[in-house]
Structures are given as C-alpha cells and as structure tokens.
Amino acid sequence: MANRFNSGSGDAEHIGQAINKLLSSYHIKSKFDAANIIGSWERLVGKPIAKRTKKVFIKDRVLFVQIESAAMKHDISLHKGQILDIFQKEFGADVVREIVLM
C-alpha cells in the first residue's frame, strides 16, 4: 500500500519548515519568536529569577530584562553569556544576539 503522504513527488516538507515559511510570508516570524522567548523565560532561567523579573521584552534581537533585585541583577550579569547561550540553543542564534539588564 502506497503512503499517501509521501507520493515521491518531492513536494513534502517538514511541518516546522512549512510553519516557518508561513510566518515569514506574513512577516510575523519575529513576533512569534519574541512571544516564544518571553513565554519560555521562567522555564529557561528558573523560578527564583523569574519571580524577581518585572519585565521581559525583545526588540531588534536584543532581550531586555528588568530585574527588581539589585543583587540578582548583578549575579545575572555575571552569567549573561551562559543565559544567552541557552536562549540561542533553544531558539537559534539569529533570534537573540544580546541580553540587556535593566
């Protein structure tokens, strides 16, 4: 029995690729990526940091994070490179290029 999803015509593509093409064609990929990053903040940095985070937003591939605790802000600044690596591994190197703490 032939697989009706793979007809051999070469037109099949991975669902992720199709979604990325759709998002790009509507020029909303950057907004979708930003929403994913903001929504994943607690999962990627942990609850203690997330509880002390007042605001997270992304603009021009820069992730801005407002932390309410000066001590935690200092600790995060020491590990900014590691946090950036986590986000780049999760979402790709082209989504976030820098983290700015406020």
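Some points to look at:
- Members of region 43-97 found to be under 12 Å from the mean Cα position of the chain (by Cα), part of a strand (DSSP E or B) and in contact (Cβ under 8 Å) with a residue 24 or more places away in the chain, listed by number: ILE58, VAL62, LEU63
- The residue list SER25, SER30 contains one member that is polar (S, T, N, Q), loosely packed, with under 12 Cβ neighbours inside 10 Å and without any contact (Cβ under 8 Å) to a residue 60 or more places away in the chain, which is SER25.
- Selected residue (criterion: surrounded by the most Cβ atoms within 10 Å (Cβ to Cβ)) from residues of region 53-62 that are among the charged types (D, E, K, R) and modelled with pLDDT under 95: ARG61
The values are calculated or read from the model by the stated rules, or taken from the named source; none is laboratory data. Model, not experiment: these values are computed from the prediction. Here Cβ is always computed from backbone atoms with ideal geometry, including for glycine, and neighbour counts include all displayed protein chains.
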